[in-house]
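The structure under discussion appears below in the form of structure tokens.
Just so you know, all these numbers are worked out from the coordinates, no wet-lab data involved. For clarity, every value in this text was computed on a predicted model and none was experimentally measured. With ideal geometry, Cβ positions are generated from the backbone for all residues, glycine too; neighbour counts draw on all protein chains shown.
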Ligand code: SF4
């Protein structure tokens with residue numbers, strides 16, 4: 001290394017260091033702190049390369065809860081690091097950049113949800129895991145994009161459901177379950193909601209043999225046009241099975257699958273499907289974070305316990321932590337572990 005392990009004041013100072021120095025610094029600090037680095041599927045490649053686990057938020061949080069690390073560095077967005085803290089209350093959870101939030105999660109606040117609950121006494125609240133810990137704590141049960149249908153089906157058919165915060169996933173679940181008593185919050189993921197049919201027509205014209213898979217956070221008209229609707233974990237499985245695939249989700253996953261299967265035709269539905277919030281984390285910020293032990297995610301215990309209750313109810317319903325698929329198992333053997341259920 002060209003530098004010692006002396007602390008530098010700001011992430012900008014770290015950005016001036018060569019990549020190899022940053023990687024070595026991260027490795028050494030990780031060892032000193034007994035830390036584990038969790039990288040979401042949508043992170044920059046440089047973050048994915050130094051992550052101990054790759055996956056989506058819930059899968060990563062569950063991996064974190066199972067490790068004996070003292071420190072969890074979550075490279076994703078804020079609600080994901082919160083979920084790690086909810087499930088691992090005695091561990092220190094760090095984020096490289098506190099401003100990396102999820103606009104979809106921020107659509108609904110605790111106060112706004114309390115007002116909606118007051119308007120619908122007796123309704124059950126289902127919170128997509130892409131929500132804040134405060135919103136989870138006010139909910140009856142959480143869901144992921146993989147198990148949302150099963151979660152909703154577990155609620156009596158005559159009970160009104162308040163589904164927060166994703167209107168597209170809410171509409172998908174209403175359609176799949178045939179329920180007309182689901183009130184969806186008007187939130188959305190800008191990355192998936194911005195995917196449009198015109199882009200699909202364009203890619204399909206150039207690759208008519210490639211099936212199209214899309215994430216349920218996309219708009220209903222795209223879901224109708226899709227050959228498969230599934231979470232990012234489902235997309236990982238589909239990529240293993242198909243030689244060609246048009247993939248409607250964030251670019252980070254497509255890039256990762258392309259690196260894994262360079263011989264396959266794995267096509268992003270849109271080159272513009274990039275989550276800028278996920279990309280706020282960088283190698284320099286990660287090195288700064290490990291050096292300084294910042295930024296720590298803290299939760300009020302009442303909120304944490306409430307969020308854990310809603311998450312545990314979902315996990316109990318789903319049979320707990322699922323066994324890895326064959327594709328996941330193969331990647332685990334290769335030392336890269338994709339687990340979980342979607343952006344969520
Ligand atoms: S991809 Fe969408 S849901 Fe995921 S963090 Fe970005 S804005 Fe939020």
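Take residue 10 and residue 160, extend 7 Å from each Cα along the Cα→Cβ direction, and tell me the distance between the two endpoints in nm.
5.1
Before anything else, pin down the relative contact order of the chain: Cα pairs under 8 Å, at least 6 apart, normalised by residue count, whole percent.
25 percent.
So what is log10(I(q)/I(0)) for the range 62-108 at q = 0.29, 0.33 1/Å, when the Debye sum runs over its Cα atoms only?
-1.06, -1.24
Return, for the Cα atoms of the range 127-169, the radius of gyration and Dmax in Å, separated by a comma.
Looking at the range 127-169, its Cα Rg and Dmax stand at 10.0, 28 Å.
For the pair residue 279 and residue 197, how long in nm is the line joining their label points, each one 7 Å along Cα→Cβ?
2.9
Return the distance in nm (one decimal) between the two label points of a simple spin-label model at residue 176 and residue 21, each offset 7 Å from Cα along Cα→Cβ.
Simple spin-label model gives 4.9 nm for this pair.
Take peptides 195-206, 72-83 and line them up by average Cβ neighbours within 10 Å, highest first, as a rough protection proxy.
72-83, 195-206
So what is the 222 nm mean residue ellipticity for the chain from helices alone, if each DSSP H run of at least 4 adds -39500 (n - 2.57) and you divide by all residues, rounding to the nearest 500 deg cm²/dmol?
Calculated mean residue ellipticity at 222 nm is -12500 deg cm²/dmol.
Taking 22 Å as R0, compute the FRET efficiency from the Cβ-Cβ separation of residue 190 and residue 117 and round it to 0.05.
FRET efficiency, residue 190 to residue 117: 0.25.
Just the ratio, please: alpha-carbon radius of gyration of the range 191-268 over 2.2 N^0.38 Å, N its number of residues.
Its radius of gyration relative to the 2.2 N^0.38 Å reference: 0.98.
Which value, to two decimals, describes the C-alpha radius of gyration of the chain once divided by 2.2 N^0.38 Å?
Details: Rg = 19.9 Å, N = 344, 2.2 N^0.38 = 20.2 Å.
In units of the 2.2 N^0.38 Å rule of thumb, it is 0.98.
Counting other beta carbons within 10 Å of each Cβ, put 56, 227 in order, fewest first.
Going from least to most buried by this count: 227, 56.
From Cα coordinates alone, what are the radius of gyration and Dmax values for the range 105-189 in angstrom?
11.3, 30
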